[in-house]
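For reference, the structure discussed in these notes is given below.
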Amino acid sequence: MAKKSIRDISLSGKRCFVRVDFNVPLDEKDGQMVITDDTRIKETLPTLKFLIEAGARVILASHLGRPKGQRDPKQSLRPIAARLSEMIKRPVDFADDCIGDAAKAKAMALQDGGVLVLENVRFHAGEEKNDPELARQMADLAEIYVNDAFGSAHRAHSSTAGVAAYLPAVSGLLMEKELTYLHDELENPERPFVVILGGAKVNDKIEVINRLLEKADTIIIGGGMAYTFRKLVQGIAIGKSLYKPEWEPIAQAAIEKAKARGVKLLIPVDAMVTDAFDFDAKKLGNMKLAAEGQDIDPEWEGVDIGPASVKLFADEIAKAKTVIWNGPMGVFEIKEAAKGTFAIAEAIAANQRAKTIIGGGDSVKAVKKAGVADKVTFISTGGGASLELLEGKTLPGVAALNNK
Ligand code: AMP
């Protein structure tokens, strides 16, 4: 996607309004808000470092939580500014609002390489409504707009899209990487290109399946949505496994499209099944294998792929030159049903010849839990945004950026 990035423009001495994703989890301890996971701050550091070294004057903006247009001290970005300062070992200034005279004065006082964090953009009700006046006031602080908040790029809000109307608008390094791996690399992938899709619902993933059926050599389907496919293709009984009658025509169309395009569609051949499933309590009942060719008993439910499916999928993954994965193979939040998902994570990590891309959400958690995060090529930071990009949709936060 030929969008300009911070690499393509002159930054020295320029005030840059940088939209980042500092939406980190916080916990209240002794009346103080404490950051419990600073991954998202870490992920912005390459862009920050680049801007600082280029002599830009950095004004950071983000949302945090859902304050719904009200000021809420528990959702302030102040502790994040403090943590950032520790991380980059430089002073970081903080402005109590993301617009207005005080913020403007602090922005104007920045030196080259200086950093200012603005208060939560969602303290203004206009943010989520993409209010142009709010966007204009944010733009008033700066000379350049940089969007590095890929995880929010599927939302047309004032700070993620609106502000781009008033300033030269470019991507940060994280955004650029996301677009490279979730878009550009998939346009002309090195083949074989294997796509692995899992998760609960056929209807949630069908647009991704349809789009990637036009690019992939193989599509592997696992997770809860696989049972509709198994019923259709293998004619087996699926017991109480995830299934909706309205998913059948959707799955059938995908099966036919795969056939017509010569795409190999791989679905599970066996399943780990349980006779009791309580997701909230993270508890399963008795477990057994429903082996290849076998029906799933009426009161039992498939919660993971079985060993034969793991082997089938892993063999295909081993032959790939490009792999993208989105969605777990089973109910991986429960240990007894996580084996299939972890085995797939390991199979992906084991293929060191391939570009391996983990496309957001639960698969990212799975790769981290399986301990193989450092062995894959790219892990997306976006959930909804990755899925929409994979669906071929235009993300408002990306569309708003200047073309090369
Ligand atoms: P999604 O948000 O569509 O990617 O789905 C992720 C969710 O699908 C996870 O919470 C999994 O626990 C769930 N899931 C995966 N496989 C199954 C299955 N066989 N039965 C029920 N839920 C599943």
Open item on the list: I'd like the per residue volume of the convex hull spanned by the Cα atoms of the stretch 224-288, given in cubic angstrom.
Closed with: 98 Å³
Open item on the list: Give me the percent relative contact order of the chain, please, defined on Cα pairs under 8 angstrom at least 6 residues apart.
Closed with: 16 percent
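For Q32 and D101, what does the FRET efficiency come to when R0 = 30 Å and r is the distance between their Cβ atoms, rounded to the nearest 0.05?
Details: r = 29 Å, r/R0 = 0.96.
FRET efficiency, Q32 to D101: 0.55.
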TODO: Evaluate the distance, in nm, between pseudo-label points positioned 7 Å from the Cα of D72 and of T377 along their respective Cα→Cβ axes.
DONE: 4.0 nm
- [ ] Over 29 Å between C-alpha atoms is what I'm after, so list which of K68/K404; K42/K319; K49/K375 land there.
- [x] K68/K404; K42/K319
Open item on the list: Let me see the P(r) profile for the stretch 17-88: every Cα-Cα distance counted, bins of 10 Å, each bin given as a percent of all pairs.
Closed with: 18, 52, 24, 6, 0
Task: Whole-percent pair-distance distribution, where bins are 10 Å wide, for the alpha carbons of the stretch 223-379 - done: 11, 38, 37, 14, 0
TODO: Under a cut-off of 12 Å between alpha-carbon atoms, report the aspartates and glutamates in cross-link reach of K393, not counting same-chain residues fewer than 8 places apart.
DONE: E207
Open item on the list: Suppose only helical runs count, i.e. DSSP H with n ≥ 4. What mean residue ellipticity at 222 nm does that imply for the chain under -39500 (n - 2.57) per run, divided by all residues and rounded to the nearest 500 deg cm²/dmol?
Closed with: -9000 deg cm²/dmol
- [ ] Take every Cα-Cα distance within the stretch 7-129, group them into 10 Å bins from 0 onward, and report for each bin the whole-number percent of pairs it holds.
- [x] 13, 46, 33, 7, 0
Task: Cross-link pairs K3/K104; K14/K205; K244/K288 - those with Cα-Cα distance over 31 Å - done: K14/K205
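Once the other residues with Cβ under 9 Å from the Cβ of P307 are scored (Lys, Arg +1; Asp, Glu -1), what is the net sum?
Values: positive: K311, K339; negative: D270.
Net charge around P307: +1.
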Open item on the list: Full-extension gain between D280 and K404, please, as 0.36 nm times their residue separation minus the C-alpha to C-alpha distance.
Closed with: 39.8 nm
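How much length is gained on full extension from K257 to E133, taking 0.36 nm per residue of separation minus their Cα-Cα distance?
On the way: separation 124, 0.36 × 124 = 44.64 nm, distance 4.64 nm.
That works out to 40.0 nm of additional length.
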Task: Gap separating the Cα centres of the stretch 130-162 and the stretch 8-23, nearest whole Å - done: 12 Å
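Starting with the highest mean, order 269-281, 24-36, 286-298 by the number of other Cβ atoms within 10 Å, averaged over the residues of each peptide. Could the numbers behind the result be given before it?
Values: 269-281: 17.7, 24-36: 11.8, 286-298: 14.2.
Order by mean packing, descending: 269-281, 286-298, 24-36.
Using DSSP to call loops (not H, G, I, E or B), can you name the trypsin sites (Lys or Arg not before Pro) in the stretch 163-223 whose Cβ has at most 16 other Cβ atoms within 10 angstrom? Each step should come with its number before you reach the end.
Values: sites: K177, K201, K205, R211, K215; in loops: K201, K215.
In loop regions of the stretch 163-223 (DSSP not H, G, I, E or B), the sparsely surrounded trypsin sites (Lys or Arg not before Pro) are K201.
What order do you get for 103-110, 365-372, 328-335 when each peptide is scored by the mean count of other beta carbon atoms within 10 Å, highest first?
Numbers: 103-110: 16.2, 365-372: 18.2, 328-335: 23.2.
Top of the packing list down: 328-335, 365-372, 103-110.
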Task: 3J(HN,Hα) from dihedral phi, the stretch 347-352, Karplus parametrisation 6.51/-1.76/1.60, rounded to Hz, x for glycine, proline - done: 5, 5, 5, 6, 8, 7
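Assuming 0.36 nm per residue, please report the length gained on full extension of the stretch K321 to E53 beyond their Cα-Cα distance. Spell out each step's value before the answer.
On the way: separation 268, 0.36 × 268 = 96.48 nm, distance 3.58 nm.
Fully extending the segment from K321 to E53 adds 92.9 nm.
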TODO: Excluding residues fewer than 8 places away in the same chain, name every one of the aspartates and glutamates whose C-alpha is closer than 19 Å to that of K368.
DONE: D37, D38, E43, E178, D304, E333, E336, E346
Open item on the list: Just to be sure I understand: if I project the alpha-carbon convex hull of the chain onto a plane and average over all orientations, what area do I get in nm²?
Closed with: 20.4 nm²
Task: Exceeding the 21 Å Cα-Cα cut-off - candidates K201/K365; K231/K369; K74/K177 - done: K231/K369; K74/K177
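A short reminder: the numbers here are calculations on the coordinates, not readings from a lab. No experiment lies behind these values; they were computed from the predicted model shown. With ideal geometry, Cβ positions are generated from the backbone for all residues, glycine too; neighbour counts draw on all protein chains shown.
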